[in-house]
Amino acid sequence: MGAVQSCFKRYEKKYLLTRTQYEAMLDGMRGHMVPDAYGSYSIGNVYYDTPDYQLIRASLEKPVYKEKLRMRSYGVPGGRDTVFVEIKKKFDGVVYKRRITMEMRDAALYLYGARKGDGSQISREIDYFLRLYRPVPKAFIGYDREAYAAADGGELRVTFDTNLRARDVDVDLRLGDHGVPLLPSGLYLMEIKIPGTAPTWLARLLSENDIFPTSFSKYGAYYKQYVLGGKRAAAQKEVLYSA
């Protein structure tokens, strides 16, 4: 994946778009945004939580501070492929993401408590998180992403995620990227990631197309639909027979 950024501090705004709004965004971004170095790709995540879902339950209450832990891959990894172990915190609207890279097999052992991290400051933060919550893998969430970066080299970033899918069986990145849907067909999840104020052209583009921020968490959507919503057993059966 080239040079790897390990620390992020930025605002992240999410929007649910129709196909028409998605096409309007692409048209309006011309000259301002370009496909990033990786273009389109699939992302897989395993979210870690306590057995009783303490972390996502707290997050959905919209506190001033919240945090979560996940393992992320680009595509389906083998045991020797690189994955990211990420701790993500949000305080007063600002997102802080810190991550370390490990081979898939080592990352699984690390989060299970069977091996040590890399000794870095970020690894020590993750170690503390593991001691505090003793989390376990609770859900796989995958999606297909188109990513765009600022044409002028600035830090603005816009992504579009589709085909959001989740499962709570075989919760291991190595076991494929299949799952049951989290969004209706035809909707796009757009994320705007920026260190400060959005540029004028972007604010105008959003306003002209009636695109407004929404509160949406991928893991939260899974929890509400397939745990609170009582569809968890059906979701498991569908995943097992579609893998």
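Coordinate-derived values only; no laboratory data. All values reported here derive from a predicted model rather than from experimental measurement. Heads up, the Cβs are rebuilt from the backbone with ideal geometry, glycines too, and the neighbour counts pull from every protein chain shown.
So what is the relative contact order of the stretch 7-92, in percent, for Cα pairs below 8 Å that sit 6 or more residues apart? All intermediate terms of the calculation are to be shown ahead of the outcome.
Details: 74 pairs, mean separation 20.5, N = 86.
It rounds to 24 percent for the stretch 7-92.
In terms of the Cα gyration tensor, with a ≥ b ≥ c the square roots of its eigenvalues, is the stretch 1-102 rounded because a/c is under 1.5, prolate because a/b exceeds b/c, or oblate? Intermediate values should be presented prior to the final figure.
Numbers: a/c = 1.83, a/b = 1.21, b/c = 1.51.
Taking the square roots of the gyration eigenvalues as a ≥ b ≥ c, the stretch 1-102 is oblate.
I need the fraction of alpha carbon pairs in the stretch 105-157 separated by more than 18 Å, rounded to a whole percent. Walk me through the numbers before you get to the answer.
Numbers: 745 of 1378 pairs.
The answer is 54 percent, as a whole percent.
Run the helix sum for the chain: -39,500 (n - 2.57) per DSSP H stretch of 4+ residues, divided by residue count, reported at 222 nm to the nearest 500 deg cm²/dmol.
Values: 7 runs with 66 residues, N = 243.
Taken over the chain, the calculation gives -8000 deg cm²/dmol.
Which of rounded, prolate, oblate describes the stretch 99-243, given a ≥ b ≥ c as roots of the alpha-carbon gyration tensor eigenvalues and a/c under 1.5 marking rounded, otherwise prolate only if a/b is larger than b/c? Could the numbers behind the result be given before it?
Values: a/c = 2.22, a/b = 1.25, b/c = 1.78.
Oblate.
Would you work out the relative contact order for the stretch 78-133, in percent, from Cα pairs under 8 angstrom that are 6 or more residues apart? Provide the component values of the computation, followed by the final result.
Values: 55 pairs, mean separation 16.3, N = 56.
For the stretch 78-133, the relative contact order is 29 percent.
Return R80, R105 ranked ascending by Cβ neighbour count within 10 Å, so the fewest neighbours appear first. Numbers along the way, then the final one.
Numbers: R80 9, R105 16.
So the residues, fewest neighbours to most, are R80, R105.
Once phi is turned into ³J(HN,Hα) by the Karplus curve 6.51 cos²θ - 1.76 cosθ + 1.60 with θ = phi - 60°, what whole-Hz value does each residue of the stretch 119-131 show in order, with x for glycine and proline?
Values, residue by residue: x, 6, 4, 5, 4, 5, 5, 5, 4, 5, 4, 5, 5 Hz.
Please arrange T200, T50, T159, T214 by how many other C-beta atoms lie within 10 Å of their C-beta, fewest to most.
Values: T200 8, T50 16, T159 20, T214 12.
In increasing order of surrounding Cβ atoms, one gets T200, T214, T50, T159.
Could you list which residues have their amide H under 5 Å from that of G75, counting only those 5 or more apart in sequence or on another chain, with H placed in the peptide plane?
S42, I43, G44
³J(HN,Hα) across the stretch 217-230 via Karplus (A = 6.51, B = -1.76, C = 1.60, θ = phi - 60°), whole Hz, x for Gly/Pro?
With coefficients 6.51, -1.76 and 1.60, one gets 10, 4, 5, x, 5, 4, 4, 5, 7, 10, 10, 5, x, x Hz.
Under a GNM of the chain (C-alpha, springs under 10 Å), which listed residue has the highest mean-square fluctuation: D144, D172, D118?
Its mean-square fluctuation being the largest, the pick is D118.
If I take every Cα pair under 8 Å that is 6 or more residues apart in the stretch 7-242, average their sequence separation and divide by the length, what percent do I get for the relative contact order?
28 percent
Just rank D92, D127, fewest to most, by other beta-carbon atoms within 10 angstrom. Intermediate results must be reported in sequence, preceding the final value.
Values: D92 6, D127 15.
Exposure proxy ranking, most exposed first: D92, D127.
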